[in-house]
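> Sending over a structure as structure tokens; questions will come in a sec.
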Amino acid sequence: MTLDRVTGLLVAALGGVLLVAVIPDQVETVDYGWVRPGTLPTVLAAVLVALGLVQAALARRGAAADPDDGGVGDGGIGAVARAALYLAVAALGVWAMGRIGFVWVAPALVLALMLLVGERRPHWMAVAAIVVPGVIWLVVEVLLGRTLPGG
Amino acid sequence: MPDIATVLAGVGDALSLANLLWVVAGVAVGQFVGAVPGIGPIMAMAIAVPFTFVMSPLAAISFLMGVNKGGLFGGAIPAVLINTPGTPDAAATALDGHPLARQGKAPKALKMALYASITGDTFSDMVLITVSAPLAAVALMMGPVEVFCLMVLAFSVIAGLVGDSLVKGLAAAALGLLCATVGLDPEHGTPRLIFGQFALYDGLPLAPVAIGMLAVAEILRRLAAIRGTRRAAVHMPRGRGADGGRLTWAEYWACRGTMARGAAIGTVLGAIPGIGSTAAAFLSYASARQARKARRDPVEFGAGNLHGIAATESANSSVVGANLIPLLTLGIPGSIGAALVISALMIQGIQPGPLLFEQQGRLIYGLFGAMMMANFVNFWMGQLGLRFWARVVAAPESVVFPSALLLCVVGVYMSTGDLLGVAVMLVFAGVGYAMTATGYSVVVFIIAFFLGPRFELSLSQTLTIIDGKPLEMLDHPVGLALLACAVAAAYWMGVRGRRRERAAEGEK
């Protein structure tokens, strides 16, 4: 099955889930007015189902995303897995920031990302993990008088 | 006709050394905050407004205008250098600016962005100074029906940006519109798709969505591509003579038509309250793309075409001056930035509106003088700033991208005021990454998401006004003209454009 066919079916499934489960549960039913709360979401979910099915039907065998556009071919599945890992690390860092505070978590987050991508030079690690968060703290908390996450 | 003595006195006030220093300070702050993803000139203006209480009225407005103008160019800097737009209106700048940077032509791309920004800005300032009153009267004719038709026209430009697959482009637009329906519905005020998060009553905020999909997704992609090599984030050419470091007069002049079109689009949309610079930038980019295709430009859009940068930057910068047209003539702010200028004026005890020219003529002509001065300062500081930013991006990408991610987190936290905004940013970073990887247009998604709330509101208002009877549209000739333009644009950019593309591919 080609990537286009898979994504087409996923888009159609997303529209289907929205139509059947999400919209009835998350949108209030109103019986008057020209554009009711559910009108646009329902129409758009139905459009997604239709477009997803059309894409799945028209997908050519062997067709894939264009690597020049940053498609999956650009680095392959390994790059996708690494990007997912970095996103998970960032999410964990943001969660920790809310509990422990920016000052402690930001250097650790930057350091973790640098180590994961293979950076080992001490001076660059110091710049990114100490100088950058330090300057952000100075500008935001001291100069602008605003709070940072967890502050 | 204004009294010449008042005009000269106002311009004289603007040219004082103290005022010049406030403009310089404003532009410096604007360029810096514009270059930091998530913060942007609007937030800097909002923070600065209370401080303007201690300034003279002219110094206060000059400083704020400096921040606004500097910020619009500042947003283009990270867009070009690391494909991370500092502000949503610079998103389209990244489409052609970053490919040029990857070719080692970052200074050329940044200079094009700077010159186009100054050109568009100066054009709209001239329009503001000369014909603001009649333009404001035209803008006032735009009722809800006409605004709805304008939204349809704006949507029709998506036809020019959907890319290779029409189905995927339409799906991206539908998804963007669907995300725009989160929050209170405009007609009944009931919450939709908020999953119990009261913070989403106002909908998904634009900054986290745009920065997540455009900036963080790109940061993830670049981080994932680092495999042991220790490269600089962007290759900067050495020496003044290097091709990538120079933007020749011929290259600038070749973009004059694109810049003129962009400045006209930005000025017209800027004069209409509520449309904003992001819509102007994308509209200008799409129309320039089609125009260059029609001329069989050898450099494709998205591959580092200077016209793409010129179109976007001239349009988004020309909105600044035009936003002041309804403000100064009618007292209606055309954007959040203009609303902040109103609050700064009111702090000083000045009431904007039709009598402003009569009662505060000297201040207004001082403001015009300060705006023109801010354009020169923006140009000068932009040239100086290029050297600073060149040093920043000369650092290894393993340093630049984790730092940029941290800036995105802080910027979005500051703009939304809570970590939910940062969570939204990370979710949409994943969505943006997945969409790019599977060939769905992120730009189309962002345009649809940006236009969505205004589209639904104006659709609801229009149906109420015409009572659901299409024939009632005959009472709205401006709206009908806009709908005709939308059909023509969809045909020209979509149907004919795709036919031309297929013919060009066939020739190859």
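No value in this document is a laboratory result; all are computed from the given coordinates. Values in this document were obtained by computation on a predicted structure and should not be read as measured data. No Cβ is skipped: glycine too gets one built from the backbone with ideal geometry, and neighbour counts run over all protein chains shown.
> For B:LYS69, list the lysines whose Cα falls under 25 Å from its own Cα; do not include residues on the same chain fewer than 8 positions away.
B:LYS105, B:LYS108, B:LYS111
> Here's a follow-up. Please give the average number of partner chain Cβ atoms lying within 10 Å of the Cβ of each residue in A:86-98, rounded to a whole number.
Across A:86-98, the average partner-chain Cβ count within 10 Å equals 6.
> Separate question: Pull out a ≥ b ≥ c, the square roots of the eigenvalues of the alpha-carbon gyration tensor of chain B, then state rounded if a/c is under 1.5, prolate if not and a/b is larger than b/c, and oblate in the remaining case.
Rounded shape, in that the Cα axes give a/c under 1.5.
> Taking amide hydrogens as modeled 1.01 Å from N in the peptide plane, which residues meet the under 5 Å criterion relative to A:VAL27, leaving out close sequence neighbours?
Here B:LEU193 satisfy the definition.
> Peptide A:124-137: average number of partner chain Cβ atoms within 10 Å per residue?
Mean shielding count: 3.
> From other protein chains only, count the Cβ atoms within 10 Å of every residue's Cβ in A:2-9, then give the mean.
3
> Right, next: Under 1.5 on a/c is rounded, so check that first for segment B:367-497, then, if it is not, pick prolate when a/b is larger than b/c and oblate when it is not; a ≥ b ≥ c are the square roots of the alpha carbon gyration tensor eigenvalues.
In terms of gyration-tensor shape, prolate.
> Could you work out how far the C-alpha centroid of segment B:347-412 sits from that of segment B:265-338, in angstrom?
So the separation of the two Cα centres works out to 18 Å.
> Within chain A, which is the longest segment that contains none of the trypsin sites (Lys or Arg not before Pro) sitting in a DSSP loop with at most 11 other Cβ atoms within 10 Å?
A:1-59
> Right, next: Quick one: grab the alpha carbon gyration tensor of the protein assembly as shown, order the square roots of its eigenvalues as a ≥ b ≥ c, and give me rounded if a/c is under 1.5, else prolate or oblate depending on whether a/b is larger than b/c.
Because its axes are fairly even, with a/c under 1.5, the protein assembly as shown counts as rounded.
> With the Cα gyration tensor of segment A:3-64 in hand, convert its eigenvalues to equivalent ellipsoid semi-axes via √(5λ) and list them largest first in whole Å.
30, 11, 6
> With Cβ to Cβ distances under 15 Å as the rule, what net charge do the other residues near A:VAL30 carry (K, R +1; D, E -1)?
So the surrounding residues net to -3.
> Taking neighbour counts of Cβ atoms within 10 Å as a proxy for exposure, in what order, fewest first, do B:SER56, B:SER284, B:SER317 appear?
B:SER56, B:SER284, B:SER317
> Using the number of other C-beta atoms within 10 angstrom as an exposure proxy, rank B:THR190, B:THR119 with the fewest first.
Ascending Cβ contact count within 10 Å gives the list B:THR190, B:THR119.
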